[in-house]
Structures are given as C-alpha cells and as structure tokens.
Amino acid sequence: MAFFGTNGVRGIANEYITPQLAIDVARSLGTYMGSKGVVAIGRDTRASGEMLKSAAIAGALSAGLTVINIGICPTPSVQYYVKEYADAGIVVTASHNPREYNGIKLIASDGSEMSREGEREIEKIYYSKEFNAASWEKTGDLRHDSNANAFYLEGIINSVDYELIREKKFKVVTDTGCGAGSTTLPFLLQKLGCEVITINGQVDGNFPWRNPEPTPDVLTELADIVKKTGANMGVAQDGDADRAVFFDENGNFIEEEIQLAMMAKYVLARKKGPIVTPVSSSSRMLDVAKQAGVELVWTAVGSINVARKMMEIGAVFGGEGNGGLIFPEHQYCRDGAMACAKFLEIIANGQKISELAQSVPEYCNSKTKIRIKDSTATMEKVKKEVLAGDNEVDTTDGVKVWYDDGWVLIRPSGTEPIIRIFAESKTEERADALMNEGVELVNKSK
Ligand code: MG
C-alpha cells in the first residue's frame, strides 16, 4: 500500500503518526528538494499538532531547508502562503478524521497539493532512509511568521465583490468545530461586514463538542441558531477548513452535491469556460454545464486531480461533491472560507441560497461496498465485461457505466480491501437497480 493516501498520510497520533515519522517525512522532502529552499510548516488545532509540527521542523532543518513556522492555519491558508513565500509546504493535519488522528500533507511550490509523482519520489526516499543530512554549518534557519492567515484572508477578500457584500451587513452563524477555521472564518466574515454568531469558535485540539467532520447530524445546533436568529446563512467547516458545508436561511442543510452544482451555476452565469469534477460527482454538474453550453471534464477522484486538470485547461470552476470547492481566481485548491465568501456574494446579488439550491436538478443516489481480496483482478474483469457491452464506459477512475437515465461507478478503495459501488438516477428505484447491476457485475468477476 502506498505511503501517501488520497490526502497525505494519516493515522492515530503518536501510534502510527509519530514524531519519528514526521521527522522522516520532512527529511525526505528536504532530500527531494536537494537540501535547498524554503518550506512553510503549519498545522491544524489537534492536540498532537505541536508535537508533530516540531518534529517536522527538526527534520526539515536537518536536511538543510529554511523553515518558516506559520503556526495554526487552515490547509488553504498554508497553500496560499507557499505559493507566495516558499518552495514547499508541510501541513500537519488529519482534515476531517476523528480527534485521535493526525497526518501530514505536502504542498508543492505553486501552492497546489504535491503531485502523485512528487509523492512517489518522496515515498521512495522515506522507505530508503537515505536522507540528505546537512553538515553542521548548513543545517537550516528557523523563522516565524504570524501573518499567514491575515495574508490569506486578504487574498479571499480581493477575489470576491467585497464592497457589495459589505453593504448588505449579513448575519452569519459559523461552526468551525474548534478546528483551524476558528482562526480565520469568523474574522473573514467580520471583514466582510457581517454580524457573526460563532459556535465552537475557540481553538481546542480535544474537539469537545463535535468531531472535525461537519456532517448534518452534528450540526443541529448550528441549524437551530440560523432559524432562531433569522440569519442569512449557516456555515460549518472540517478540521483543516479546506471544506465547508452550508445551511440556507431556513436552517436547511445544503447537500454537498447540490452545493457544488449551484456554485457552478452561479460562476457560469458570470463567466463561461470549462468546469472540472471527479467521476464520482453527481450528473447535476453535467446538467449545469450543458445549460451553460460549456464543457465538463471528469477526473479521477481526489482534489489534486481536479486542481491540476483545472490548471491545464484553464477551467473557471471545479470541485468535489464533498464540500471542496476550487476557485481559480483565488487559488488551485479546495478552500472553505473562499466558498463561504462566494456564497455571500450570491446572496448579495439578490438570490436566496434556498432558491438557487432548488434550481439545481434533483437526482437520487444509491451506494454500497463489497469486501474483496484481489480488487485489481476483479476490476480488470469488470472492465473487460462492460467494454464489450453497448453502454458508454468511462475508465478515468474505476469503471463508470453510463445509461440513458443514470450511471453506476465501480471503484476499488485505495486504503481498504473493498470495492465501492455508486449509482445515480432520477428515481430511487432506478438508482437501486443500477447499483444492483454493479453488484452483480462485481460478484460475477470475483
Ligand atoms: Mg479537510
């Protein structure tokens, strides 16, 4: 199994994600960079964060890199900083994983996530343990910069219609879950002239009220406060604040797939150009693209694939159906605070979030998973079988079979011995039926 998963390396802090691991990852990165350059290191709010960040700093200094310690920052804030001031970045974060987890994510010099090729090179060095150790006089310098978040918020403000939003004096309720977004989102909203009501807005690595994953079942208080205070919107973030989820003015949760498609619709009404999303995303994106007369490009799952494709084709918008939206005018990565500012711009332009959400086509989804020993061999058989059939097949990531009225996606998990099956159609019955066709196909190919 690869060392780096879809989003860096993750595990239980001080069990799998140990100081030694953090040191060695940083030394591997330093070796990969030829012991030259500047690396910015930031972390989310997890209790184990300072321990692991200190270890990563030591590893990078040992390899001869100059380190800028930027403290507690959302992942997109580290990315924005790296793009301007560093040659690479290290984020100590486990994103939305539960309290006890931590992890490490690497950032490339342009601020995007480290490419798969880069990760593979670094992984090789990590396993070989052949690190560049700088001679004593060339061990690195450590600097501190406490302005990374302020710089990041400035960037967001410059990417939206700041004056218009400020005029409206919106009321917004936030639940940053005691994560890294607590250091940025409420302050962004203040700068945007909003009255801000915060819950879980204190930095607390024990996450006393909820785990970092912002699912609707743990956000009922947020929804209630939106309703009771007549707020314009509610917003919650995951632990490293690259994703955000939203509640409309009635306190209703906006499903992430709808969030993605409605933002695409808003962007495309102002600027025409291709949009990008992974094959796992809803056909809502396709419908929105068709309506606007633009191209939709499907990629493999993972925000890095979406971001890189967006850069390649000059897309106007992209994102994943999990609350990770990418706005190229700001930066090529998922950015929860940027998404929030854009939602305010939508309301400022006179549209209610609930109305825009309802204007996006409806779909039904079904999903399941099958435990399997050798998913590679099974996937090969599945692919052969569907390619011999009459339906349109997309093999960008797993196997996606298109029907007249929906699709089924069969994808092996990157981290577990299972194959996941997703289906989508206009009715629940048909989505279930398509999912079952997928199940049958996998069972036949085992
Ligand atoms: Mg995250």
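The values are calculated or read from the model by the stated rules, or taken from the named source; none is laboratory data. The structure displayed is predicted, hence computed values, not measured ones. FYI the Cβ positions are ideal-geometry reconstructions off the backbone, even for glycines, and counts take in every protein chain you see. The protein model used for the area step is the full one, side chains on, heavy atoms only, and it has no ligands, DNA or RNA in it. Shrake-Rupley method; radii C 1.70, N 1.55, O 1.52, S 1.80 Å.
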Practice prompt. Quickly run through the range 82-104 and pick out the residues that are open to solvent by less than 10 Å² (accessible area, probe 1.4 Å) and part of a helix (DSSP H, G or I).
Written response: VAL82
Worksheet item: So ALA264 fits all but one of (1) assigned to a helix (DSSP H, G or I); (2) within 16 Å of the ligand (Cβ to nearest atom); what number is the exception?
Response: (2)
Worksheet, complete the sentence: Among residues of the range 166-193 being hydrophobic (A, V, I, L, M, F, W, C) and within 20 Å of ASN206 (Cα to Cα), the residue farthest from the chain's Cα centre (by Cα) is CYS178
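Out of GLU380, GLU355, GLU345, I need the residue that is part of a helix (DSSP H, G or I) and over 26 Å from ASP287 (Cβ atoms). Which one? Give the derivation first.
Details: GLU355 fails: over 26 Å from ASP287 (Cβ atoms); GLU345 fails: over 26 Å from ASP287 (Cβ atoms).
Going through GLU380, GLU355, GLU345 in turn, just one is part of a helix (DSSP H, G or I) and over 26 Å from ASP287 (Cβ atoms): GLU380.
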Discussion item. Among the residues that make up the range 355-365, is at least one of them within 16 Å of the ligand (Cβ to nearest atom) and not basic (Lys, Arg)?
Written reply: no
Discussion item. Give me the strands (runs of 3 or more DSSP E) completely within the range 3-73, filtered to those with at least 1 residues that are over 24 Å from the mean Cα position of the chain (by Cα), ordered by residue number.
Written reply: 38-43, 66-72
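Restricted to the range 191-227, and to residues that are polar (S, T, N, Q) and at pLDDT 95 or above, which residue is nearest to the ligand (Cβ to nearest atom)?
Here the residue is THR215.
Considering only the range 228-257, state which residues are away from the ligand (no atom under 16 Å from the Cβ) and either open to solvent by 20 Å² or more (accessible area, probe 1.4 Å) or touching a His at 6+ places or on another chain (Cβ under 6 Å) (or both).
Taking the range 228-257 first, the residues away from the ligand (no atom under 16 Å from the Cβ) are 228-234, 247-255, 257.
LYS228, THR229, GLY230, ASN232, GLU249, ASN250, ASN252, PHE253, GLU255, GLU257 - these are the residues of the range 228-257 that are away from the ligand (no atom under 16 Å from the Cβ) and either open to solvent by 20 Å² or more (accessible area, probe 1.4 Å) or touching a His at 6+ places or on another chain (Cβ under 6 Å) (or both).
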Worksheet item: So which residues in the range 299-338 are away from the ligand (no atom under 15 Å from the Cβ), touching a Gly at 6+ places or on another chain (Cβ under 7 Å) and of a type in the set (A, V, I, L, M, F, W, C)?
Response: MET310, ALA315, VAL316
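Being polar (S, T, N, Q), at pLDDT 95 or above and surrounded by fewer than 18 Cβ atoms within 10 Å (Cβ to Cβ), is that true of even one residue in the range 370-377?
Applying the first criterion (polar (S, T, N, Q)) to the range 370-377 yields 375-376.
If we keep only those that are at pLDDT 95 or above as well, we get none.
Scanning the range 370-377, I find no residue that is polar (S, T, N, Q), at pLDDT 95 or above and surrounded by fewer than 18 Cβ atoms within 10 Å (Cβ to Cβ), so the answer is no.
Can you pull out the residues in the range 158-177 that are at positive phi and surrounded by fewer than 24 Cβ atoms within 10 Å (Cβ to Cβ)? Show your work before the answer.
Going residue by residue through the range 158-177, those that are at positive phi are 169, 177.
Listed by number, the list holds a single entry, LYS169.
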Response to the item:
Taking first residues from the range 147-158 that are aromatic (Phe, Trp, Tyr) and second residues anywhere that are open to solvent by 20 Å² or more (accessible area, probe 1.4 Å), the pairs with Cβ under 6 Å that are 6 or more apart or on different chains are TYR152/TYR80
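If a residue must be small (Gly, Ala, Ser) and surrounded by fewer than 22 Cβ atoms within 10 Å (Cβ to Cβ), how many such residues does the range 37-48 contain? First the steps, then the outcome.
Applying the first criterion (small (Gly, Ala, Ser)) to the range 37-48 yields 37, 40, 42, 47-48.
Still in the running and surrounded by fewer than 22 Cβ atoms within 10 Å (Cβ to Cβ): 37, 47.
Residues that pass the stated criteria total 2.
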Response to the item:
Restricted to the range 117-136 and to residues being touching a residue at least 60 places away in the same chain (Cβ under 8 Å) and part of a loop (DSSP other than H, G, I, E, B), the residue most open to solvent (accessible area, probe 1.4 Å) is GLU130
Discussion item. I'd like the residue in the range 393-426 that is among the charged types (D, E, K, R) and not in a strand (DSSP E or B) and, out of all such residues, is modelled with the lowest pLDDT.
Written reply: GLU416
Worksheet item: Looking at the range 314-338, which of its residues are buried (at least 24 other Cβ atoms within 10 Å of the Cβ) and among the β-branched types (Val, Ile, Thr)?
Response: ILE326
Fill in: Test: residue in the range 60-76 that is under 24 Å from GLU312 (Cα atoms), open to solvent by less than 10 Å² (accessible area, probe 1.4 Å), in contact (Cβ under 8 Å) with a residue 24 or more places away in the chain and of a type outside the set (D, E, K, R)
yes
